[in-house]
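**Q** Got a structure for you, questions after.
The values are calculated or read from the model by the stated rules, or taken from the named source; none is laboratory data. None of the values given here were measured: they were computed from a predicted structure. Using ideal geometry, Cβ is built from the backbone for each residue, glycine included, and neighbour counts are taken over all protein chains shown.
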Amino acid sequence: MRSPIPWSPSLPILVGLNTALTTAAICLGADLSGLGASSTVFGVGVSSGAACDRAAAVTTILGGNLLVGGALLAGACTMGGFTLLTLRVNGFMLGASGSLLLQEFPTASHLLWRYAPLEFGAFAIVAGTSQHLAQGVFRGLAFDEAPPFGVSLVGLAAWATLLFVAEVLESDVYCLLRRGIGGG
């Protein structure tokens, strides 16, 4: 019996490769962040005791990350090249901003672990989905086959779910840091 959504072995491979390359970019960003940059460059600055509207924080953070996800999906038009660039730049920024946050609040690593793995996973999935979609469209055009949109829709649903949960958790971290409870 045929599955309603045929699984493609290339999607997990693409997600795995994107994860490995983005991890390298995060490590590079974290390593280079010690060159004297201020955390306010990355929007990590805090204002002690400031009030925080959690709904506004979720909206702002989610809006920015949806733009990143859109840029990753737009990379399908370049057969994944732009996707790779966008993912690496954002991985670099995640590593640098996380490192700078930990420089200001040395005991705040538990705050990063609340959302960073989910956000990281969401971007690796959407990047792999974008590349898989590009491959499917190319095969469809070249070999007169129907592109496997079902697999791509599953990837997009997983991305949206992970991203939303990560942003709700990240807004909590953002509000804690705004109130100066980061543990520094």
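**Q** I'd like to know if segment 114-122 contains one or more residues that are buried (at least 22 other Cβ atoms within 10 Å of the Cβ), in contact (Cβ under 8 Å) with a residue 60 or more places away in the chain and either in contact with a helix residue (DSSP H, G or I) (Cβ under 7 Å, 6 or more places away or on another chain) or closer than 24 Å to ALA20 by Cβ (or both).
**A** Within segment 114-122, none of the residues are buried (at least 22 other Cβ atoms within 10 Å of the Cβ), in contact (Cβ under 8 Å) with a residue 60 or more places away in the chain and either in contact with a helix residue (DSSP H, G or I) (Cβ under 7 Å, 6 or more places away or on another chain) or closer than 24 Å to ALA20 by Cβ (or both).
**Q** With the structure loaded, tell me whether GLY184 is outside any helix (DSSP H, G or I), at pLDDT below 80 and in contact with an Asp or Glu (Cβ under 7 Å, 6 or more places away or on another chain) or whether it fails that test.
**A** Here the answer is yes, as GLY184 does meet what is asked.
**Q** In the list GLY81, GLY43, GLY64, GLY98, which residue meets the criterion of being surrounded by fewer than 16 Cβ atoms within 10 Å (Cβ to Cβ), under 23 Å from LEU176 (Cα atoms), within 18 Å of the chain's Cα centre (by Cα) and modelled with pLDDT under 80?
**A** From the options GLY81, GLY43, GLY64, GLY98, the qualifying one is GLY43.
**Q** Moving on. Would you mind stating whether GLY140 is in contact with a Phe, Trp or Tyr (Cβ under 7 Å, 6 or more places away or on another chain), exposed (fewer than 15 other Cβ atoms within 10 Å of the Cβ), at pLDDT below 85 and of a type outside the set (Ser, Thr, Tyr)?
**A** Answer is no for this residue.
**Q** Quick one: would you say GLU119 is among the acidic types (Asp, Glu) and in a helix (DSSP H, G or I)?
**A** Yes, satisfied.
**Q** Tell me, which residue of segment 46-61 that is surrounded by fewer than 15 Cβ atoms within 10 Å (Cβ to Cβ) and not in a helix (DSSP H, G or I) is modelled with the highest pLDDT?
**A** Among residues in segment 46-61 that are surrounded by fewer than 15 Cβ atoms within 10 Å (Cβ to Cβ) and not in a helix (DSSP H, G or I), the one modelled with the highest pLDDT is ASP53.
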